[in-house]
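Structure record follows, encoded as structure tokens.
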Amino acid sequence: MTSTSQRILVMGVSGSGKTHIGQQLASSLGATFIDGDDHHSAANVAKMASGTPLNDDDRQAWLATLSALLESYRTRDASVVVACSGLKRRYRDRLRQGDGELRILYLEGTPDVLRERLATRAGHFFKGDDMLASQLADLEPPLADEAVTLSIELPPRVIVERFCATLSRQPQRSSS
């Protein structure tokens with residue numbers, strides 16, 4: 001019997017709409033939504049709130065936590081959508097340790113559109129052009145064999161519809 005549950009990562013730099021799209025996608029699929037930002041340590045949140053970008057060491061425990069969450073959902077054969085920047089290939093590889101069949105939606109945007117979105121966002125700990133520049137510098141955009149890439153300039157409903165359409169066509173990665 002084939003499982004119909006899905007574990008999905010919605011990735012992109014800050015301001016790309018990961019939370020908004022992730023929530024809509026989870027609702028559309030009847031899945032649980034997890035915002036990766038909710039799983040940062042207090043030290044990481046304080047660091048970002050002060051305008052200091054996270055480094056690879058800062059992200060290790062966070063990625064391990066998210067990977068364990070993905071594994072938990074896989075083990076229970078339950079669907080989940082996780083919003084997480086997933087900036088580097090090795091970060092995404094770490095997340096796939098929790099589920100080798102993890103599906104990825106990459107929300108791609110131009111620096112100008114991202115800056116505009118961040119300037120109007122209220123109540124989030126991520127602040128400043130330097131932080132965005134740091135994320136853009138770290139970003140290793142996924143290749144077509146790793147993720148579905150969609151522009152953040154599309155309406156959210158269209159992004160969700162297009163990604164959902166790929167789920168039935170896209171073979172799941174083997175968990176080798």
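The values are calculated or read from the model by the stated rules, or taken from the named source; none is laboratory data. What you see is a predicted model, and the numbers here were worked out from it, not measured in a lab. Here the Cβ is made from the backbone with ideal geometry for all residues, glycine too, and neighbour counts use every protein chain on show. Heads up: the accessible areas ignore ligands, DNA and RNA and are worked out on the full protein's heavy atoms, side chains in. Shrake-Rupley method; radii C 1.70, N 1.55, O 1.52, S 1.80 Å.
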(request) Report, by residue number, each residue of the stretch 13-59 that is in a loop (DSSP other than H, G, I, E, B) and either among the β-branched types (V, I, T) or open to solvent by 40 Å² or more (accessible area, probe 1.4 Å) (or both). (result) V13, G30, S41, S50, T52, P53, N55
(request) Residue by residue through the stretch 117-152, note down the ones that are in a loop (DSSP other than H, G, I, E, B), at pLDDT 90 or above and surrounded by 11 or more Cβ atoms within 10 Å (Cβ to Cβ). (result) L139, E140, P141, P142, E146, A147, I152
(request) Return the pairs, sorted by first residue and then second, in which the second residue is aromatic (F, W, Y), the first residue lies in the stretch 87-116 and is outside any helix (DSSP H, G or I), the beta carbons are less than 9 Å apart, and the residues are 6+ apart or on different chains. (result) G98/Y73; D99/Y73; R103/F163; L105/F163
(message) Being open to solvent by less than 20 Å² (accessible area, probe 1.4 Å), in contact with a Lys or Arg (Cβ under 9 Å, 6 or more places away or on another chain) and free of Cβ contacts under 8 Å to residues at least 40 places away in the same chain is the filter here; which residues of the stretch 60-71 pass it?
(response) L63, L66, S67
